[in-house]
Amino acid sequence: MEPGKLTEDRRRAEVELQPPRFSLEPARAPRGMQQVNTLWKLFLFLLIAGEFGPSFLSKLATSVLGRESWPLPPAFVLIVEVGSFGIVLGLTAVLALAEDRPFGDYGLPFKEAFCGNFWVGFLLGLAEASVLVGAILIFGGYSFGTFALQGSGIVRWGFVHLLLFVFVGLYEEFLFRGYAQVSLTTLAGFWPAAILLSIGFGLVHLANRGENWVGAMSVALVGLLFAFTLKRSGNLWYAVGLHAGFDWGESFLYSVPNSGEMLNGHLSYAVLHGPRWLTGGSIGPEGSVFCFVTMGLQFLVAAWLFPAKKAQSVAQNEPAQNSTPQN
């Protein structure tokens, strides 16, 4: 075959193999548009899971149990917290499908549910509540009082409070440090996202009856602690256990206000007395100066339990210099 003929045939074949100049595949949105999409989804997620859902569930609980009273009935809180966690769980599952990501990337991998990290966190949360109340007791600010429960009532109400605070931990951790944390991390990085969400975590607690700005600041700082354990451990199960253990110890075992709220069915008629800097006043021990000390100790414990070199995949959600977040 002549060389010229061969060259012409090759050129014709290459033209036939070229892809069409249009595609049925949607064009990738510019980076700015992707950021807007991410913020829009995050806004809707927080609006539904953090405002509309709990508001509807509160009305539902009121219609079922009657007018909301204080101290709060555990059944009322349980309805709201279980339902709210269900809403967050469902929304996150839908968004995981939409963004083509494994559900476990958002902090609660099912394969690690209620395994070692959860129970270690629970025991350390209970230990923190014990050290905190113990410090207040040493300085004369806490009295256990007489027992409010007897016999089987202790076991029954203890379990009800345990179940309740497990769902409190699941809902609040997954709301503030699940999809929201991952979504903001793709835009700004892990720690800017964690700081912003922890501030929001503190602010929403101002809606509690006895809460104030000192308590909100304490809650924001504990939010950073939970974010730190997320980054070091790779998921939220340790934080959920820590959250549940502290709340259960404070509310049921030591029978004191938790972020300004009291629940029926606590163990004793405990009393906090003394200056506000010591007892936290209406906030409870979370407003005490000693709470900031125990939180510092928890940071050290978490750093020891989860060394930085063993930190897992959460950091991988941070945006690389040349990466583009998903729609």
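The values are calculated or read from the model by the stated rules, or taken from the named source; none is laboratory data. Keep in mind it's a predicted model, so treat the numbers as computed, not measured. Ideal geometry is used to build each Cβ from the backbone, glycine not excepted, and the neighbour counts take in all protein chains shown.
What about residue 180, is it small (Gly, Ala, Ser) and either crowded, with 24+ Cβ neighbours inside 10 Å or more than 28 Å from residue 135 (Cβ to Cβ) (or both)? Walk me through how you get there before you give the answer.
Numbers: small (Gly, Ala, Ser): yes; either crowded, with 24+ Cβ neighbours inside 10 Å or more than 28 Å from residue 135 (Cβ to Cβ) (or both): yes.
Answer is yes for this residue.
Suppose we filter 114, 174 for residues that are in a helix (DSSP H, G or I), modelled with pLDDT of 95 or more, under 19 Å from the mean Cα position of the chain (by Cα) and under 29 Å from residue 197 (Cα atoms); which single one remains? Don't jump to the end; show me each part of the working.
Values: 114 fails: in a helix (DSSP H, G or I).
Checking each option against the conditions leaves just 174.
Could you grab me the full set of residues in segment 246-270 that are modelled with pLDDT under 95 and of a type in the set (A, V, I, L, M, F, W, C)?
Within segment 246-270, 262, 263 meet the criteria.
Go over the candidates 82, 94, 77 one by one and state the one that is in contact (Cβ under 8 Å) with a residue 40 or more places away in the chain and either at positive phi or surrounded by fewer than 20 Cβ atoms within 10 Å (Cβ to Cβ) (or both).
Numbers: 94 fails: in contact (Cβ under 8 Å) with a residue 40 or more places away in the chain; 77 fails: either at positive phi or surrounded by fewer than 20 Cβ atoms within 10 Å (Cβ to Cβ) (or both).
Sole residue among the options that is in contact (Cβ under 8 Å) with a residue 40 or more places away in the chain and either at positive phi or surrounded by fewer than 20 Cβ atoms within 10 Å (Cβ to Cβ) (or both): 82.
Does any residue of segment 236-245 turn out to be surrounded by 17 or more Cβ atoms within 10 Å (Cβ to Cβ), at pLDDT below 95 and of a type outside the set (Gly, Ala, Ser)?
The initial filter retains those residues of segment 236-245 that are surrounded by 17 or more Cβ atoms within 10 Å (Cβ to Cβ), namely 236-245.
Subsequent filtering for residues that are at pLDDT below 95 retains none.
Checked against the condition, which is being surrounded by 17 or more Cβ atoms within 10 Å (Cβ to Cβ), at pLDDT below 95 and of a type outside the set (Gly, Ala, Ser), segment 236-245 yields no hits at all.
Which one of these does residue 169 not meet: (1) modelled with pLDDT under 95; (2) within 23 Å of residue 55 (Cβ to Cβ); (3) out of contact with any Lys or Arg (no Cβ under 8 Å at 6 or more places or on another chain)?
Evaluating residue 169 over (1) modelled with pLDDT under 95; (2) within 23 Å of residue 55 (Cβ to Cβ); (3) out of contact with any Lys or Arg (no Cβ under 8 Å at 6 or more places or on another chain) leaves (1) as the failure.
Only one of (1) farther than 23 Å from residue 295 by Cβ; (2) part of a helix (DSSP H, G or I); (3) touching a residue at least 24 places away in the same chain (Cβ under 8 Å); (4) over 21 Å from the mean Cα position of the chain (by Cα) is not met by residue 131, so which one is it?
(1) is the only condition that residue 131 fails.
Can you find even one residue in segment 246-256 that is surrounded by fewer than 24 Cβ atoms within 10 Å (Cβ to Cβ) and more than 28 Å from residue 154 (Cβ to Cβ)?
No, segment 246-256 contains no residue that is surrounded by fewer than 24 Cβ atoms within 10 Å (Cβ to Cβ) and more than 28 Å from residue 154 (Cβ to Cβ).
Kindly indicate whether any position in segment 208-223 is farther than 17 Å from residue 109 by Cβ, among the aromatic types (Phe, Trp, Tyr), surrounded by fewer than 24 Cβ atoms within 10 Å (Cβ to Cβ) and touching a helix residue (DSSP H, G or I) at 6+ places or on another chain (Cβ under 8 Å). Before you say what the answer is, go through the steps one by one.
If we filter segment 208-223 for residues that are farther than 17 Å from residue 109 by Cβ, which is where we start, we get 208-223.
Pick out the ones that are also among the aromatic types (Phe, Trp, Tyr) and you get 213.
Still in the list and also surrounded by fewer than 24 Cβ atoms within 10 Å (Cβ to Cβ): 213.
Then keep just the ones that are touching a helix residue (DSSP H, G or I) at 6+ places or on another chain (Cβ under 8 Å); that gives 213.
Yes - at least one qualifying residue is present in segment 208-223.
Only one residue in 154, 136 is more than 24 Å from residue 225 (Cβ to Cβ) and more than 22 Å from the chain's Cα centre (by Cα). Which one? Walk me through it before giving the result.
Details: 136 fails: more than 24 Å from residue 225 (Cβ to Cβ).
The conditions single out 154.
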